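These notes are about the structure you will find just below.
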Amino acid sequence: MQLIQEVQAAEAPMALLLIADPSEDKVRSYLPGSRCFVVSKDGVMVGACVVAPLGDGAHELMAIAVAPDHQKCGHGTALLQWVIEFFRAAGARQLEVGTGTFGYQLAFYQRQGFRVTGIDHDFFVLNYPGPIFEDGIQLFDMLRLTLTYPAPDA
């Protein structure tokens, strides 16, 4: 059975979050003031995400990850959909996310309604102490995506 719930930032599963963001210092810098959500399968925490407030009804999905042995089972999609609905119900105006690849992560977000809104050139070179590689390719630029919620009916 799958369970999704919010946990205190102090209880955030660092090992899972480091799958999405390899800098523990960066993760620890955005955890305070953020909201953390986890997905569990049969009592085992298999995924997590962190969402930080940006102000004016906007929030940023800072990290989302699923344990490697539980990937491609729908946990990440279920967690993202749950978080999208959670912030929609809370009256959010939009959710933003940045990703370093143009592969499956891009499709993952676009399937949920995120649209490309910009590129942060050299983000990974300027903001991390060493090079980050994914699938053998060094990450340089961060692709920015936004999900804008429809205005509530008047």
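The values are calculated or read from the model by the stated rules, or taken from the named source; none is laboratory data. Remember, predicted model here, so these are calculated numbers, not experimental data. Cβ: placed from backbone, ideal geometry, glycine included. Neighbour counts: every protein chain shown.
The table below gives the values:
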| quantity | calculated |
| --- | --- |
| Evaluation of residue 85 against (1) out of contact with any His (no Cβ under 9 Å at 6 or more places or on another chain); (2) modelled with pLDDT under 95; (3) among the acidic types (Asp, Glu) (one fails), failing number | (2) |
| Given (1) assigned to a strand (DSSP E or B); (2) without any contact (Cβ under 8 Å) to a residue 24 or more places away in the chain; (3) among the polar types (S, T, N, Q), number of the condition residue 5 does not satisfy | (2) |
| Which listed residue is crowded, with 16+ Cβ neighbours inside 10 Å and at pLDDT 95 or above, from 98, 47 | 47 |
| Failed item, numbered, when residue 126 is tested on (1) more than 17 Å from the chain's Cα centre (by Cα); (2) surrounded by 12 or more Cβ atoms within 10 Å (Cβ to Cβ); (3) aliphatic (A, V, I, L, M) | (2) |
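The rows are residues; the columns are (1) in contact with an Asp or Glu (Cβ under 6 Å, 6 or more places away or on another chain); (2) over 21 Å from residue 78 (Cβ atoms); (3) surrounded by fewer than 20 Cβ atoms within 10 Å (Cβ to Cβ).
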| residue | (1), (2), (3) |
| --- | --- |
| 28 | no, yes, yes |
| 31 | no, yes, no |
| 36 | no, no, no |
| 39 | no, no, no |
